[in-house]
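Participant: Let me begin by handing over the structure; questions about it come next.
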Amino acid sequence: MNKIVPEKIHLNRINIFKSNMNGTQEFLDSPVEAEEIRVGYSQESGFNLEKKLVRIRLYIQIEGYRRKKPLGLQGEYGIEFLFIVENLEEYIESQKQPQNKNNKELYMVSSILGSTLMGIVYSTARGIILERTHGSYFRGVILPVINPNDLLKANK
């Protein structure tokens with residue numbers, strides 16, 4: 001397994017394609033501060049070996065709770081991250097899979113690169129969502145620290 005060379009990983013672009021918060025009429029008529037924020041997440045990713053590009057789309061859902069009951073306050077975010085990885089070919093793993101009808105090779109990014117990129121993606125998204133939720137009924141949401149490998153398994 002190849003070691004990560006941070007200098008060869010470049011976060012090229014961040015696109016926020018979904019950013020919304022919704023409050024039910026009941027919540028808006030009588031807003032109260034959330035005691036707990038529940039977070040859900042998923043992701044989809046892909047790569048272009050020829051251009052050395054990796055794209056990760058992260059989806060985050062947040063919901064406010066008080067006394068273990070939903071408040072009627074929700075948020076949803078979709079953020080796309082585009083990376084250039086100079087040595088991407090070193091992290092590509094080929095797999096022949098029996099369920100593949102055409103018996104073509106399927107390619108995957110190695111877990112070491114995947115978890116490194118997911119760590120960057122999630123920590124950056126934490127800051128974006130904290131900033132976006134300031135001045136809202138959410139009062140600034142700090143997403144929990146998670147294991148980046150959990151995001152690799154959270155496919156959309």
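Participant: Find, among the GluC sites (Glu not before Pro) in the range 24-62, those assigned to loop by DSSP (not H, G, I, E, B) with at most 12 other beta-carbon atoms within 10 angstrom.
Facilitator: Glu33, Glu35, Glu50
Participant: Kindly state, to the nearest 0.05, the FRET efficiency for Ser111 paired with His10, given R0 = 25 Å and r defined as their beta-carbon distance.
Facilitator: Efficiency for this residue pair is about 0.75.
Participant: Please report how many Lys pairs in the range 28-150 have alpha carbons closer than 26 angstrom, counting only residues at least 8 apart along the chain or sitting on separate chains.
Facilitator: For the range 28-150, qualifying lysine pairs total 5.
Participant: If you build a Gaussian network model of the chain, linking Cα atoms that sit under 10 Å apart, which residue out of Gly75, Gly40, Gly135 swings the most?
Facilitator: Top of the fluctuation ranking is Gly135.
Participant: Do you know the relative contact order of the chain, to the nearest whole percent, from alpha carbon pairs under 8 angstrom that are 6+ apart?
Facilitator: 25 percent
Participant: Run through the range 43-84 and list the trypsin sites (Lys or Arg not before Pro) located in a DSSP loop whose Cβ has at most 11 other Cβ atoms within 10 Å.
Facilitator: Lys51, Arg67, Lys68
Participant: What percentages make up the Cα-Cα pair-distance distribution of the range 8-139 when the bins are 5 Å wide from 0?
Facilitator: Spelled out per bin, shortest first, that is 2, 9, 17, 16, 13, 11, 10, 8, 6, 5, 2, 0.
Participant: Which ³J(HN,Hα) values in Hz, rounded to whole numbers, follow from the phi angles of the range 62-75 under the Karplus curve 6.51 cos²θ - 1.76 cosθ + 1.60, where θ = phi - 60° and Gly and Pro get x?
Facilitator: Going residue by residue, I get 10, 8, x, 10, 9, 6, 6, 10, x, 7, x, 10, 9, x Hz, with x marking Gly and Pro.
Participant: Sticking with this one: Applying 1/(1 + (r/R0)^6) with R0 = 35 Å to the Cβ-Cβ distance of Arg67 and Asn155, what FRET efficiency is obtained, to the nearest 0.05?
Facilitator: After rounding to 0.05, the efficiency reads 0.60.
Participant: Further question on the same structure: How far apart, in nm, are the 7 Å Cα→Cβ label points at Asn2 and Asn147?
Facilitator: About 2.6 nm separates the two model spin labels.
Participant: Moving on to the next point. For the chain, take the longest principal axis of its alpha carbons; what is the angle in degrees between that and the long axis of helix 111-133, to the nearest 10 within 0 to 90?
Facilitator: Approximately 20 degrees, to the nearest ten.
None of the figures in this text is laboratory data; all of them are computed from the coordinates on show. For clarity, every value in this text was computed on a predicted model and none was experimentally measured. Because the Cβ atoms are built from the backbone with ideal geometry, glycine has one as well, and the counts that use them run over all protein chains shown.
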